[in-house]
Amino acid sequence: MLSWLLRQLSDTEQLVEHIDEVQFDFQYRWVLIVGLVLLVPVGAWIFLRQRRNLATVPPKLRITLSLTRITILALLVLALAGPFVRLDHHDEKKPVVAVLLDHSQSMQLPAGPFESEAELGNVAKAAGYRTLDSSARLALNRITRAKLTHSTLQAARPFLEALSQRFDVRYYSFAQDMTRLGIDPGHPDLPEPPNPGGPATDTGSALHHAVEDASDRDLAGILLFSDGQNTGGRSPVEEARQSAAKNAPLFAFPVGSSQLLQDVRIADLFTTGLVSVGDTARVAVTIESTGFDNRPVKVELRENDKVIDSKDLVLRGTEQQQLDLTFKAEKAGAHYLTVHVPPQPEEAEYLRGNNTDIAFIRVSEEKVKVLYVEGLPRWDFRFLKNAMKRDHGLGGLAAKEPDIHLEPEWRRLAEAARFAALPRKLDQLAEYHTILLGDVSPKMLDAPFVDLVDKAVRERGVGLIVAAGPLAMPHSYGDKLHELLPVRLRRGVAGRLPKGVPSFRLELAPEGVLNEAMRFHEEPGRNQNTWANLAPYYWCAATERAAPAASVLAYNPIIGPYGKLPLIAQHYAGKGRVLFVGTDETFRWRRNVGDRFFYTFWGQSIRAVARRDPKLAKKSWVEVRPVRCQPGEQAQVELMAVTPEGAPVLAEEVEVQVQGGGELSRLKLAADPAVKGRYLGKLAPKTPGDYRVTYTPPGKGEPAEARLRVETSPAELRQPNVNRDALRLLAKEGGGEMFELHELASIKDRLQGKSRYLEMHSEKTLWDNGWLLGLLIFLYSLDVGLRRLLGLS
Amino acid sequence: MNETRNTTADADTSPPRQREDVGRISNPSGLHERTDWKSVLHPPRVPRLRVGLMIAAIVLAAWMLLLPGGPRREEAAQAQEVKPAAPLTELGIVEEVRKKTDKALDYLESKQIKEGAEAGSWSTNQAFNGLTLLAFMSAGHVPGRGKYGDIIEKGVVKPGVLTRGKKYMLSKAQPTGYVSSGTMYEHGLATLALAEMYGMDPDPDLEDKLRKAIELIVKCQSPAGGWRYSPAPVDQDMSVTVMQIVALRAANNAGIPVPEKTFQNAVRYVQSCATGPKGPGFGYAGAGAGPQTTPAGILSLQLLGHPEDERLPASLDYLTALPVAWPGGAQYFFYHHYYAIQATYQAGGKYWNGWHPKVRELLLSKQGPDGSWDVPPGSSEAGLVQPNKVYPTAMATLILNIYLHYLPAYQR
């Protein structure tokens, strides 16, 4: 009622929101007092006068008339006294302390064993054990990491409660996503950690959201409880630096033993992925081991259950060991290979999953014909052309190797030879599957040639890759070339150099996560991680935005006039696909790993945009990528459907059978309008297991099959040890420090932040509103009306 | 009367101060901020109680330390218990190496002459200049970009390390194409540096002088297929030959044509320096085996397209059996390791796996606090250490930066 009245009398919502603190008062209290005091004799005089003058009026009416006049006078006295409401509101916004709890699957691993007495003692102290008896030891050697975090925070409750006096302590649970736990900071009663844990660990995003969530006040610090194994998402180091830039120190608490688990694991697996029939593909395996020094093992490469290659290795725990296994590509099609290291007897059951990994190799019968024209022999060119020459799946029109032209050498040719160096007829140019244009000047790629390229792409479906550069490409070209590109650039600008930042970074766009050109790893999270950690670069093209209907695969996250700058993008131009690469420093992706990411990107890109030739597909094939995913994650299904006679199957959609996870279902694939016989769809299996996707062509055609392995959190167990180095680095980059669990209380003085006090003082007068005026008019009208009715003057 | 005032104040988390100390600043939004002027003008003193506690803690700590056989010593003993380290990952290696070589590059940058007739150089010896430019490029630095790139200030371009170095080197190139103030050692290394820079710098003078430098190397090949100190096709030895071969391969990789015959003759000469048809080892001026010339011979054959040559396995065994020591292993420590790391990297497998950790750990442990390296005591390279330590520092950087895989000359 009061809030309604207040709303009517004053239109200030603030007063209503804090109605408990509202006070009524009068501006001129003496007027009120004097007026009310005088009102008594005046009222009495009015009453007596009315009784004398209106003796013939019934008493009730006479009293009413007297009361109306007295009430009017009272209201006038109240109005003259200046009534108002006052609000004095004080609010304190304490600085935030964000407590991030890692609840990923790896946190379900045991925190122990703790073999060092000192460490066991410290962990027991942290977890709230008063004595270290045998039952405590047993419990601590079995407790999971997540449960240890929970016990530690429960034991530290007095400290956390005291902290909540000075800070707004917020608790978050994170794995692949992050959620805020609805915990009362003054009485922090943490819920049990989830089991199973989340399928991935995205520490970077968790840090990012913690900082964003506290944007309206100081962030005094971030406490991160984790085992340090990050498996995807934003770069944790970058986000830690952002936190440090906002004076929010990051304190990392490793959860788990510093004792390394006895384990042999496949840390990494790499194949070229794309080979031709007759090639010998290399499968590079990186093995890590702890606790098995000098133990001989046999590393096997299998296809189905057949061992096709193996190598002996003597384990060495000091650093990673690499070895190469080989696969002879004799049969065209998709090959699913497994690399396996037999588990050692001492390895715990839950650690045996990382002894196996999958490699996918596609063996092609066809050569992709490539034309590569480059300006100066920049480093990207020098690495790329050698890698292309080693790639037996690529060729030229007549030569076994791609046709490569370099502008400085072209300039040294005679005039006639220069003209003849490049194809000058559409039929000739359209024989290529892919054209790759580097930083070539318009002197070599003259207008007629650009016209030819345009026709080859739009009308014949030839694929085009444009690799930008500071000398000419594409800013020195006209509209014809620019219209082909999946990006729009600032015209006439030769590119961008970092300004205000030491270098540029690359950010994988959502469309890039599953894109075939951008796939370094089969797991999307791991893929994102790798892209986020590629070396920085120092030049990019002056892109502004994506062309209509283009897909941006990677960004330079610098904000331009239209948002983040597209760095790698693709689209269809007519029948052909065009990919734009906006930096000339992809050679930096070779850091530490050589061709691995560098040529994986280029090799996949050349094939991804390549002109599809349905005539070459003699039989149907189906592929699912990635070949491994987690329950609920999407995988793309690609089908090339061909009749037994070799003609493409033409339909609006076709069906494939999906068997796995204990179920048999059918999936519809939609026709690709650009390529006859090609069909695409998406699959998101929910249950772990091995899946087979089978297509049976019409007639007596041979069925085509693809496989998919669905596993829960394989990346989580790839590195089972607590990664103290990663946490130490994160804390250092975040302006903080790494502490052990029993040292939680020591961060108390390191948390600094200022409360923001909001003082709201509001005063609103009450007399100047319609209600009082209305009441006065009503009373006056009542008085006059009654007198008229009674025939009084 | 109608008035609304919102006021925010920032205060630290200690007990609230007296209100009369508070000033007020208004801002256009109507919000008033309170500033604790007293704390701004007179920073708070450390409370007496805290000072007293600190003194008491220091006294107690000193007393505990002096106490014989006290528990502190036992705890110290426990802290010394060695825990097994996690396996060093590839990324871990690269990070560790990068930090050290970045420091080395800062050192090298500080030693570049910035002004005068010798601006852009580190030495009058073009070999040192070439090696230093290569050291920068091995870390991924290219002309005009990044930390050592050109700086534009008020429309004026201030050249960076590589641009200055390139200009100096090109200014000393002779019309014959000879880029040296002395021997073919200098010419080979300077040409290699120019070849690596070519393509990343659009300077037409660079392309022109590089082509001439390559033509000179081709012309100076001896009838036996090798090269020696003077730019004349007279004589040959392995130590000079390998430098010309690397330069020729780098230029060829950049699209500059080199006659096939030149390469064939070079193969023939290198093979002739092997101890025998199956190695092991390569000699200086004929058949033999030496710690410097063996890796030079191995690398030469690998780059000339003969990685499967039957002389190589035994030669690699010979090489990788040499001690990696400071001093020790080779008379010319850095020359030996510069070619040895490339040879084992090209070979890969057990040769690489067994060799690189030893070399890496040794070099990282010998870096000076200023980022430089010296030569090992008693080394024959002592005469190459001039007032600055450019030669050993550049070489050590090049050896360690093999992990980065940036330099095109290093690619497999």
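The values are calculated or read from the model by the stated rules, or taken from the named source; none is laboratory data. None of the values given here were measured: they were computed from a predicted structure. All Cβ positions, even for glycine, are placed from backbone atoms using ideal geometry, and neighbour counts span all protein chains on display. All accessible areas refer to the heavy atoms of the entire protein, side chains included, with ligands and DNA or RNA removed. Shrake-Rupley method; radii C 1.70, N 1.55, O 1.52, S 1.80 Å.
A few comments on the model shown:
- In this assembly, the A-B interface accounts for approximately 5300 Å² of buried accessible surface in total, computed with a 1.4 Å probe and without ligands, DNA or RNA.
- Dipole size of the stretch B:134-229 about its Cα centre, with +1 on Lys/Arg Cβ and -1 on Asp/Glu Cβ: approximately 200 debye, rounded to the nearest 20.
- The length gained by stretching the chain between A:Ala399 and A:Val37 to full extension, at 0.36 nm per residue less their Cα-Cα distance, is 118.8 nm.
- Per residue solvent-accessible surface (Å²) - chain A, probe of 1.4 Å: 44 Å²
- Placing a pseudo-label 7 Å from each Cα along the Cα-to-Cβ vector at B:Glu115 and A:His761 gives an inter-label distance of 6.2 nm.
- Apportionment of accessible area to carbon and sulfur, the stretch A:129-243, percent (1.4 Å): 47 percent
- Label zone at A:Lys425 (point 7 Å along Cα-to-Cβ), backbone N below 20 Å, the stretch A:373-403: A:396-399, A:403
- Charging the Cβ of each Asp and Glu at -1 and of each Lys and Arg at +1, and nothing else, the dipole of the stretch A:263-364 about its Cα centre rounds to 360 debye.
- Cleavage-rule hits, trypsin sites (Lys or Arg not before Pro), the stretch A:298-379, DSSP coil, Cβ neighbours within 10 Å at most 11: A:Lys331
- Rg/Rh (Cα only; Kirkwood hydrodynamic radius) as it applies to the stretch A:9-116: 1.60
- Over 20 Å between alpha carbons, listed pairs B:Lys147/B:Lys389; A:Lys331/A:Lys575; A:Lys246/A:Lys754: B:Lys147/B:Lys389; A:Lys331/A:Lys575
- Chain A: relative contact order as a whole-number percent, Cα under 8 Å and 6+ apart: 15 percent
- Estimated from the Cβ-Cβ distance and a Förster radius of 30 angstrom, the FRET efficiency linking A:Arg412 and A:Asp451 is about 0.70.
- Residue-averaged beta-carbon neighbours from other chains (10 angstrom radius) around B:249-255: 4
- Here r is the Cβ-Cβ distance between A:Arg86 and A:Thr694 and R0 is 60 Å; the resulting FRET efficiency, rounded to 0.05, is 0.15.
- For the protein assembly as shown, fraction of C-alpha pairs farther apart than 50 Å, in %: 43 percent
- Here the Karplus curve 6.51 cos²θ - 1.76 cosθ + 1.60, taken at θ = phi - 60°, turns the phi angles of the stretch A:173-190 into couplings of 10, 9, 9, 7, 10, 10, 9, 8, 8, x, 10, 6, x, x, 9, x, 10, 6 Hz, with x standing for Gly and Pro.
- Peptide A:379-391 shows a mean partner chain C-beta count of 3 within 10 Å per residue C-beta.
- Phi to ³J(HN,Hα) by Karplus 6.51 cos²θ - 1.76 cosθ + 1.60 over the stretch A:499-509, Hz, x for Gly, Pro: 10, x, 10, x, 6, 9, 10, 10, 10, 6, 7
- Semi-axis lengths, largest first, of the ellipsoid equivalent to the stretch A:368-609 are 27, 20, 18 Å, with √(5λ) applied to each eigenvalue of the Cα gyration tensor.
- Considering only the stretch A:99-182, percent of DSSP beta bridges that pair antiparallel, nearest 5: 55 percent
- Computed [θ] at 222 nm, helices only, for chain A once each DSSP H run of length n ≥ 4 contributes -39500 (n - 2.57): -8500 deg cm²/dmol
- Only Cα sites of the stretch A:263-364 enter the Debye sum here, all with the same form factor; the resulting log10 I(q)/I(0) across q = 0.11, 0.20, 0.24 1/Å is -0.33, -0.94, -1.24, listed in q order.
- In a fully extended conformation the segment linking A:Thr687 and A:Lys443 would gain 82.0 nm over its present Cα-Cα distance, using 0.36 nm per residue.
- Interface residues of the stretch B:194-217, defined as those losing at least 30 Å² of solvent-accessible heavy-atom surface relative to the isolated chain (probe radius 1.4 Å), are listed as B:Tyr198, B:Gly199, B:Met200, B:Pro202, B:Glu207, B:Arg211.
- Simple spin-label estimate for A:Asp133 and B:Thr124 in nanometres, 7 Å along Cα-Cβ: 8.6 nm
- Of the trypsin sites (Lys or Arg not before Pro) found in the stretch A:677-719, those that fall in a DSSP loop while having at most 14 other beta-carbon atoms within 10 Å are A:Lys686, A:Lys700.
- Approximate shape of the stretch A:614-715 as ellipsoid semi-axes (Cα gyration tensor, √5λ), whole Å, largest first: 26, 13, 11
- Note on A:Leu773 and A:Glu17: the extension gain reaches 269.5 nm, defined as 0.36 nm multiplied by sequence separation minus the Cα-Cα distance.
- Within the accessible surface of the stretch A:516-657, defined with a 1.4 Å probe on protein heavy atoms only, the carbon and sulfur portion equals 50 percent.
- Virtual spin-label span in nm between A:Ser503 and A:Glu117, 7 Å along Cα→Cβ: 4.8 nm
- Sulfur and carbon atoms: percent of accessible area, the stretch A:263-364 [1.4 Å]: 49 percent
- Estimated dipole of the protein assembly as shown in Debye, rounded to 20 [Cβ of Lys and Arg +1, of Asp and Glu -1, Cα centre]: 2240 debye
- Exposure here means at most 13 other Cβ atoms within 10 Å; with chymotrypsin sites (Phe, Trp or Tyr not before Pro) in a DSSP loop as sites, the longest stretch of chain A lacking them is A:29-561.
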